[in-house]
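See below for the structure under consideration.
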Amino acid sequence: MSGLFTKLLIIFNLERFSTPGKTMVGSDSHTPTAGGAGMLAIGVGGLDVAVVMGGSPLYITMPEVVGVELKGKLKPWVAAKDVILEVLRRCTVKGGVGKVFEYYGDGVKTLSVPDRATITNMGAELGATTSIFPSDEVTRDFFKREGRENDWKPLAADDDVEYDETLTIELDELEPLIAEPHSPDNVRSVADLSGLEVEQVIIGACTNSSYTDLAMTSRLLEKHGVHPNVSLHISPGSKQVIETLARKGELEGLFSGGARLGEPCCGGCIGMGAAPGTDTVSIRSFNRNWKGRSGTSDDRVYLASVETCVAAAIRGEIRDPRELGKYPPVQMPRRFVTNDSMILEPNRKPDTVKVLRGPNIKPLPKREPLPETIGGVVLIKLGDNISTDTIMPAGAKILPLRSNIPAISKYVFHHVDPEFSKRAEENNGGFIIGGENYGQGSSREHAAIAPMHLGIKAVIAKSFARIHKTNLINFGILPLTFNDPTDHETITEGAQITIPKVRAQLEEEETNKIIATANERTIKLKHDYTPRQIKMLKAGGLLNHTKRTYTQG
């Protein structure tokens, strides 16, 4: 599953499926949200999930483990969002690639499960494989309120644990933080930006949309109201959150205070509604703020805690939320409103299930096996931290084409170079050159499927984000890195690249080197494929490899 529906499941997974000590895989990069309840929850590509559901193991490179010690207790108006923004400020958006972040310390017990889930959710912006908290009495209390106390069990690190890296955060020394455009790690103090005029505020989506987040918002709005120059949107995290708010009388403040209530979905986070005005400031309690992601090409999106968002909505400008006075006390309900009637078990007679495909749904394009030699032109050259949103944009215009790869592929790199897809078709595909952390962010596998359809043979970059790198391999595109990073500077758009005897070169596992030519000049590339991934690439991707494996079996 991918797209809007998985965002509904991110919070639902935490509420109804998270289980301490168990493993979950999901086709959304924010699947690690369930790590807030002590679950090893990992985001992967949709095809990986489909193959796992078919009975195959999940293959993943063993990550390093970073221990994050939390000390003390957050002061009023300082939130869990400020904790993960601090981690992002220290580690950057590529600092978690190939790593798991494990939180521990006396400060953990001061954070609720929704608090912890905010931190693990946004750990995806570090590029981390996942993030996880221990399962303790706080976790047990959450499960009890969910009516699932029997699913709880204690879980903590061994006393003699040794981490690959450690960092320490003094919770009582943190202050309200905010990420400026256009990256989640572009973090500053809220006080530094005090007075900046704000036109839009959005609270919710999958990062900060818990009952306590929205109940606190409701009480503040009931008291202060939304500034007349601000449009405030609310995206609840789940049906459970909405219904519990309604039963507890906490929706009234949202409506009377001037907020607009939407449905539980990605919504404004991916430009599906609530696009900000031209060149205006939008503050959001979301997890990503890459340029144009909101649906407005010249957006100015800031990321902050719900507390900071509410303060901006009330004042009409960025203000330290501590100026609002006494923090409104909000407790989780004794029992959440639970309704699992919409959870359908797999059909026991799958052959009777009819799959409905409308006229816009097209078959998945196939990738042929890898030829002996690949060659073509460099179609585009890019810098560092290119996100999957940049590769395959979302938004109201493009997302409806998700099941029509030929149609959606026309929008690859659309916001960077609108002529890219046309150029790719005219050249029968080619190569992409990237910088560091290519493919960061969403697990959006269309960022690999659509380039595959356009004939992209390889992406050569300085480094890759984990999920996108796997997605490229899954769809038969070679992710390669420069043996000498300075070669990145010498290759220009339009250069002719050839990789001769590529199948034979891949089989030289001891060297992991690939020799290529760029405009007849020899360049050395490298990879770290596993033997299984080499077989997949030679077969033309995971689908072909799986079919061959099961047919032969």
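Details
- Using the Cβ-Cβ distance between Asp528 and Asp340 with R0 set to 60 Å, the FRET efficiency works out to roughly 0.90.
- Were the residues from Glu263 through Glu243 laid out at 0.36 nm apart, the gain over their Cα-Cα distance would be 6.0 nm.
- Relative contact order for the chain: 13 percent, from Cα pairs under 8 Å spaced at least 6 residues apart, divided by residue count.
- Within the chain: Cβ-based charge dipole about Cα centre, in debye rounded to nearest 20 (Lys, Arg +1; Asp, Glu -1): 2000 debye
- Estimated from helices alone, the mean residue ellipticity of the chain at 222 nm is -7500 deg cm²/dmol (sum of -39500 (n - 2.57) over DSSP H runs with n ≥ 4, per residue).
- Among beta bridges from DSSP that stay inside segment 374-552, the antiparallel ones total about 50%.
- Three-way shape label, segment 140-241, alpha-carbon gyration tensor, a/c 1.5: oblate
- Label point distance in nm, Lys223-Tyr327, each placed 7 Å from Cα along Cα→Cβ: 1.3 nm
- Here the contact order of segment 176-319, divided by its residue count and restricted to Cα pairs under 8 Å and six or more residues apart, works out to 36 percent.
- Ellipsoid equivalent to segment 1-174 - semi-axes via the Cα gyration tensor, in Å: 24, 19, 16
- Per-pair calculated FRET efficiency, R0 = 25 Å: Thr280 and Ser189 via Cβ, rounded to 0.05: 0.65
- Chain lengthening between Ala156 and Glu64 when straightened (0.36 nm per residue, less Cα-Cα): 31.4 nm
- Comparing Leu379, Gly325, Asn347 along the charge dipole axis of segment 310-405, the residue lying farthest to the positive side is Asn347, per the Cβ-charge model.
- Label positions at Lys547 and Asp384, each projected 7 Å from the Cα along the C-beta direction, are separated by 4.1 nm.
- In this label model, Leu364 and Ser297 are separated by 3.3 nm, measuring between points 7 Å along each Cα→Cβ vector.
- GluC sites (Glu not before Pro) restricted to segment 293-384 and DSSP loop, no more than 10 other C-beta within 10 Å: Glu372
- Segment 210-290 shape via C-alpha gyration tensor axes, a/c threshold 1.5: oblate
- Beta bridges per DSSP with both ends in segment 99-233, % antiparallel, nearest 5: 40 percent
- Remark: segment 176-319 projects, on average over all directions, an area of 7.2 nm² (convex hull of Cα atoms).
- A Förster radius of 30 Å, combined with the Cβ-Cβ distance separating Asn483 from Lys535, puts the computed FRET efficiency at roughly 0.80.
Read the figures in this text as sums done on the coordinates, not as results from a lab. Quick caveat, the model's predicted, so the values are computed rather than measured. Reconstructed Cβ throughout: ideal geometry from the backbone, glycine too, with neighbour counts over all protein chains shown.
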